[in-house]
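Single-structure report; data block below.
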Amino acid sequence: VWTTTNTFTTESSRVARDWYVSLNGDESAGLSWQSAMTNIQWVLDQAISNDNIYLAGQTFPLSSQLDWSASYVTVRGGYKAEGEPCPGTNNSASWPTVLWRDGTANHRVLYVHDATNAVLRDVTVKNGYLSAGGTSGSPTRGAGIYVLNCVNLLLEDCLITGNLLSAGGNSYQAG
């Protein structure tokens, strides 16, 4: 006969949310432009199904490739990133969002893999560079964007430009 009560806890399930990323954010919560996070990779790592990630119309220097594998996530750039209500005014011509390889490091800008129904909108991917050997753990393909094993990935109103690959081009899709 079992006479004690055993308890256990589970990880609380989080509901989908809107994330804000701006180089001017204070990184306190990522729930508004004021509290925006500054690290896109950190937000991609936290993202779950049905999250929206809003990027300020700024140039984001990247010291390593962004790695995106979350499904049902939308990343959208081109925001003025001021005031309330959020996300506010969107115009990628006036406030372009640029993901930019910073410095002389040998890496692509964005690696999207194993994601379903993901959306990248109003973003410029620029200055990716791969030479023979590529980025650790991935082949020399897609200096701008490398897409692997994705289903229904939508790139909408994006510009992929100025990326250099010693053996190819701006983007590569496989799987």
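In segment 38-91, the portion of solvent-accessible area held by carbon and sulfur atoms comes to 41 percent [1.4 Å probe, whole percent, DNA, RNA and ligands not counted]. Placing +1 on each Lys and Arg Cβ and -1 on each Asp and Glu Cβ, with no other charges, gives segment 11-62 a dipole about its Cα centre of roughly 80 debye.
Counting charges near Ser63 (Lys, Arg +1; Asp, Glu -1) among other residues having Cβ under 9 Å from its Cβ returns a value of 0.
Computed with a 1.4 Å probe over protein heavy atoms only, the accessible area of Ser63 comes to about 100 Å².
Placing R0 at 45 angstrom, the Cβ-Cβ distance between Glu84 and Asn152 gives a FRET efficiency of 0.90 after rounding to 0.05. Largest to smallest in accessible area, the residues Tyr129, Tyr79 fall in the order Tyr129, Tyr79 (1.4 Å probe, all protein chains included).
With the charge dipole of segment 20-91 set up from +1 on Lys and Arg Cβ and -1 on Asp and Glu Cβ about the Cα centre, the Cα lying farthest toward the positive end among the listed residues Ala56, Met37, Leu23 is that of Ala56.
Report the calculated FRET efficiency for Asn117 and Asp26 (r = Cβ-Cβ distance, R0 = 30 Å), to the nearest 0.05. After rounding to 0.05, the efficiency reads 0.40.
The values are calculated or read from the model by the stated rules, or taken from the named source; none is laboratory data. Treat the numbers as computed from the prediction; the structure is a model and nothing was measured. Ideal geometry is used to build each Cβ from the backbone, glycine not excepted, and the neighbour counts take in all protein chains shown. Remember, those area values only see protein heavy atoms, side chains included, never the ligands or the DNA or RNA. Shrake-Rupley method; radii C 1.70, N 1.55, O 1.52, S 1.80 Å.
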